[in-house]
Structure formats: C-alpha cells, structure tokens
1. Residue by residue through the stretch 66-71, which ³J(HN,Hα) values in whole Hz follow from phi under the Karplus form 6.51 cos²θ - 1.76 cosθ + 1.60 (θ = phi - 60°), with glycine and proline marked x?
2. Need one number: nm distance between label points at Q61 and T109, each 7 Å from Cα along Cα→Cβ, rounded to one decimal.
3. Under 13 Å from the Cβ of L63, count the other residues' Cβ atoms, weight Lys and Arg +1, Asp and Glu -1, and hand me the total.
4. Top mean-square fluctuation among L53, L67, L97, Gaussian network model of the chain, C-alpha springs under 10 Å?
5. Please list 3J(HN,Hα) in residue order for the stretch 28-44, calculated via the Karplus relation 6.51 cos²θ - 1.76 cosθ + 1.60 where θ = phi - 60°; whole Hz, with x for glycine and proline.
6. Around L97, what is the net charge, scoring Lys/Arg as +1 and Asp/Glu as -1 over all other residues with Cβ under 14 Å from its Cβ?
7. Work out Dmax and Rg for the chain from the C-alpha atoms and quote the Rg first, both in angstrom.
8. Round to the nearest 0.05 the FRET efficiency obtained for F68 and A99 when R0 = 25 Å and r is the Cβ-Cβ distance.
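The values are calculated or read from the model by the stated rules, or taken from the named source; none is laboratory data. The structure presented is a predicted model; accordingly, all values stated were derived computationally and were not measured. As a convention, Cβ positions derive from the backbone with ideal geometry for all residues, glycine included, and neighbour counts pool all protein chains shown. What goes into the accessible areas is simple: the full protein's heavy atoms, side chains included, and nothing from ligands, DNA or RNA. Shrake-Rupley method; radii C 1.70, N 1.55, O 1.52, S 1.80 Å.
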Amino acid sequence: MADSRVRLVCPLCDAVVSDGPPPAPGACPGCGARFVGDGESAPAAVEQGLSELSVDGVGAQELVNALFTVSPERCRKLGVTIASDEREGFYRWWLFLAAGRDARDQLETLLAESCK
Ligand SMILES: [Zn+2]
C-alpha cells in the first residue's frame, strides 16, 4: 500500500533511517544516533522519548521549547534534534540523540543553552 510508506531521515547525518516501513525507535544506520519518540506532535514525541531514555527530571515542555528556540545548527552540534518523518497525509515526530554521549547531559546542555 503506497500510503503506508514512511521516510525518516537522520537530522544529524542525513542518512535515510527508514524508507518504506514505519520506523521503530533504534539507532541511525549512518551515525549511530539514538532515535526515540514516534509521537503525533513534537511534545508527544519528546515525552515518549524521555520515558524511553529513562531520563526523569527533565521537563518535556521545556525541552520542546528549547528544541525550537535554539538554532538547528546549534542543536546538531549539541547532538539533540527533533525531526518529523514523511508519510502520506501526516507525519510523526522523533527525537534524535547523537551516539556516545550521556542522554541527560545532552538534554541538560540544550536546556541551559535555551535559557541564555
Ligand atoms: Zn545519523
């Protein structure tokens, strides 16, 4: 079915993570970044992502605000970005975290940047 086709591209390295089947949380085949979420909105994806990463004490709404106020270039440098996939008629959101770093550190660094 054509309308079940989903395309998700890693915002950190531009590798195609999925092109066809709906992606499941996992690691980017290009850079190894973890991606979590699968939310119908950015806040839903972040909330879902935080629970999958077992990071508590980080406010989902604060994090969403940070993701949309810190420049995309800076977010990529910090290794925390949010992206939507592409599918027929709608899309879902994913939180990407660069490989090899502590998730909480990454998120707290981003939050600190957004407060400047
Ligand atoms: Zn990647």
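1. Running phi through 6.51 cos²θ - 1.76 cosθ + 1.60 with θ = phi - 60° gives 4, 4, 9, 9, 6, 4 Hz.
2. 2.7 nm
3. Working: positive: R104; negative: E47, D56, E62, E108, E113.
Local charge sum for L63: -4.
4. Comparing L53, L67, L97 in the GNM, the peak value goes to L53.
5. Once θ is set to phi - 60°, the couplings for the stretch 28-44 become 5, x, x, 10, x, 4, 7, 10, 9, x, 6, x, 7, 9, 4, x, 5 Hz.
6. Numbers: positive: R34, R76, K77, R101, R104; negative: E52, D102, D105, E108.
So the environment of L97 carries a net charge of +1.
7. Expressed in Å, the Cα Rg and Dmax of the chain come to 13.5, 47.
8. On the way: r = 23 Å, r/R0 = 0.93.
Efficiency at R0 = 25 Å is approximately 0.60.
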